[in-house]
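Down below is the structure, laid out as structure tokens.
The values are calculated or read from the model by the stated rules, or taken from the named source; none is laboratory data. Not measured: the values here are computed from a predicted model. Positions of Cβ are backbone-derived with ideal geometry, glycine not excepted, and every protein chain shown enters the neighbour counts.
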Amino acid sequence: MALGLHRRAGHQPRLTQRQQHERRQRRRSSLIAAASTLVVLVAVVVLVPRMPRWDRVKQSFFDVEQMQDSFPRLLDAFWLDVKIFAWTTPAIFVVALLVALARNSRSPAMFPLRALAAAYTDVMRGVPVILWIYLVGFGVPGLGLERPYNSPLLWGSVALAMTYSGYVAEVFRAGIDSVHESQRAAARSLGLSGAQTMRFVVLPQAVRRVVPPLLNDLVSLQKDVALVSLIGPIEILRQAGIDKSKFANFTPFVVAAVIFLSVTIPLTRLTDYLWHRERRRTSGSRVAA
Amino acid sequence: MKQRSTRIRLIGLGAVAVLGLAACGGDDSASEDNVADEATEEAVEETASGTGNDCTAGKTLAEGKLTIATGNPAYEPWVVGDAPESKEGFEAAVAYGVAEEMGFTDENIVWVRTGFDEAIQPGAKNFDFNLQQFSITEERKATVSFSDPYYSTNQALVGFADSAIAGATSVSELKGAKFGAQAGTTSLDFITKVIQPTAEPFVYDDNAAAKAALEAKQIDAIVVDLPTAFYISAVEIEGSKVIGQFPLSDQVAADNFGMVFDLDNPLVECVNVALGRMRDLTYELVSIEETWLSGYTGAPVISLD
């Protein structure tokens with residue numbers, strides 16, 4: 001950090017011996033990285049098409065005409081994924097935070113609540129998402145709800161929110177636990193109540209620390225949204241499946257993957273960035289390989 | 001299973017691995033090796049019969065055996081009680097009929113199970129042929145081969161007897177309803193191309209999920225082939241009925257069911273000969289149809305206008 005500032009100031013163009021060494025090291029590692037990337041790329045681009053059945057694979061997975069044909073339909077269907085994602089995420093955060101707070105309650109009278117919250121996270125995380133989607137998506141409407149309250153979109157989203165709030169609650173809980181006990185002690189000694197301590201001292205620190213794992217869960221949710229298609233709605237993966245069956249070609253799945261990536265890659269990059277920032281903020285300088 | 005294990009003991013340790021590969025639906029070279037091994041076995045039991053005819057020789061996955069696939073699970077009235085080995089149900093009976101025509105005795109028939117979708121995708125197959133109401137379509141012919149049709153049917157509508165569309169007589173009355181179908185089937189195509197409802201249909205992996213949605217009243221009706229419609233309404237969903245069947249027209253071709261083979265499998269010819277004999281010579285196909293599908297065809301017709 002100090003070295004960087006020094007250089008940016010520009011008062012001393014002559015580099016120290018150490019700086020020269022570091023610069024050489026940096027150049028060397030970028031050269032090695034570039035060379036190894038090139039080797040891998042060449043191997044893929046040159047060798048794969050030489051495989052005996054590459055033509056068939058290419059035709060089954062990378063058919064350009066099929067791509068153009070499927071793309072508008074798939075993009076249209078992807079909009080449904082985005083919508084489900086958009087309305088389940090806030091629900092997940094609210095439920096998860098409540099569950100995490102319940103688990104972190106300290107009053108002896110709250111024991112049943114703590115036990116309930118623990119059971120909730122255990123069951124939600126322990127049962128496959130698919131089962132929840134079937135059970136809630138078909139089961140609850142099957143009890144006799146009328147349209148539109150029996151919509152598979154509604155109950156599929158509820159199932160997703162239930163399972164994911166189990167995971168996210170644990171992330172929140174980890175965040176809350178990571179705040180040092182002295183922070184609570186200090187807050188209480190200043191006269192804050194238990195609730196105020198949580199609200200103004202513990203949670204702000206906890207949430208900031210768990211942003212990267214939270215985003216990680218969101219990336220995962222973004223893909224699991226497709227599971228709602230099991231109970232009827234045609235979203236992107238289902239549309240790709242329909243196209244695949246109709247044209248006996250897997251290209252629609254490749255197109256769907258690219259559409260997914262166009263959302264998940266920025267999201268994961270953002271996660272990485274936040275993670276690095278948090279790391280820089282809280283730990284020492286990086287040790288080279 | 002018993003057959004297979006005795007054979008494994010016969011051939012000896014070296015071949016076990018090869019057979020294991022073949023049993024997993026392995027690649028071409030494995031099954032070739034397998035054929036070679038089987039040939040030596042043939043020499044041992046030269047008089048063995050019931051292992052196919054001249055046409056099928058060398059064309060089946062395992063020499064002297066006919067490996068037939070059906071759905072997992074298989075539904076009535078096509079296969080009774082999910083047990084094709086019992087020969088009960090239309091498709092089970094047809095499969096055994098074809099096998100018999102081709103000279104396979106019952107003990108040389110091996111049943112395997114596949115999903116509907118996976119069987120019509122490109123790639124190696126772990127069966128000689130697969131029958132689970134596969135409609136013969138041009139698009140599918142690019143990746144798999146079909147036998148001649150063994151049954152022709154049309155699409156039908158199943159819904160609750162008290163639903164708003166229960167009395168529908170024409171497609172125009174169905175526009176406002178919500179439909180469901182199995183993914184990748186001709187029934188789904190039928191909904192989007194012929195019925196053209198205002199609401200997007202719901203799509204399911206299998207008819208079981210479609211039935212659950214019907215019971216949850218998330219959809220008004222499901223579209224399936226006529227015999228399946230009758231079975232669902234009579235046995236599987238209490239209170240449902242076959243609302244109607246759709247007539248054939250220029251717009252709607254009959255749904256012809258064919259057996260699915262790996263692309264360009266030479267065995268298709270043998271099966272077609274067998275099917276031809278069952279259709280035109282022994283009339284077995286008709287009698288099987290009468291046994292298993294009679295009472296599965298009379299439903300009110302819903303006009304296409």
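The set of residues in the stretch B:125-170 being polar (S, T, N, Q) and farther than 25 Å from B:A93 by Cβ consists of B:T143, B:S163, B:T169, B:S170.
Among residues belonging to the stretch A:84-112 that are over 24 Å from A:S157 (Cα atoms) and not in a loop (DSSP other than H, G, I, E, B), point out the one that is nearest to the chain's Cα centre (by Cα). Of everything passing the filter in the stretch A:84-112, A:R103 is nearest to the chain's Cα centre (by Cα). Can you confirm whether B:T153 is within 25 Å of B:W292 (Cα to Cα), within 13 Å of chain A (Cβ to nearest Cβ) and buried (at least 17 other Cβ atoms within 10 Å of the Cβ)? Judged against the criteria, B:T153 is not a match. Just checking, does the stretch A:228-245 include any residue being modelled with pLDDT of 90 or more, at positive phi and out of contact with any Cys (no Cβ under 8 Å at 6 or more places or on another chain)? Yes: one or more hits. Among what's in the stretch A:216-260 and is under 23 Å from A:W87 (Cβ atoms) and surrounded by fewer than 15 Cβ atoms within 10 Å (Cβ to Cβ), pick the residue that is nearest to the other protein chains (Cβ to nearest Cβ). Of everything passing the filter in the stretch A:216-260, A:K223 is nearest to the other protein chains (Cβ to nearest Cβ). Just give me the residues in the stretch B:203-212 being crowded, with 24+ Cβ neighbours inside 10 Å and touching a Pro at 6+ places or on another chain (Cβ under 9 Å), in sequence order. Passing the criteria: only B:V203. Of the set (1) among the aliphatic types (A, V, I, L, M); (2) within 12 Å of chain A (Cβ to nearest Cβ); (3) more than 24 Å from the chain's Cα centre (by Cα), all apply to B:L174 but (2). Of the listed requirements (1) modelled with pLDDT under 95; (2) farther than 24 Å from A:S245 by Cβ, A:I130 misses just one: (2). Out of A:R7, A:R56, one residue alone is surrounded by 10 or more Cβ atoms within 10 Å (Cβ to Cβ), touching a Pro at 6+ places or on another chain (Cβ under 8 Å) and at pLDDT below 85. It is A:R56. Residues of the stretch B:235-261 that are within 29 Å of B:L66 (Cα to Cα) and either of a type in the set (S, T, N, Q) or in a helix (DSSP H, G or I) (or both): B:N256 alone. If you go through the stretch A:196-215 and keep only what is polar (S, T, N, Q), surrounded by fewer than 18 Cβ atoms within 10 Å (Cβ to Cβ) and in contact (Cβ under 8 Å) with a residue 12 or more places away in the chain, you end up with just A:Q205.
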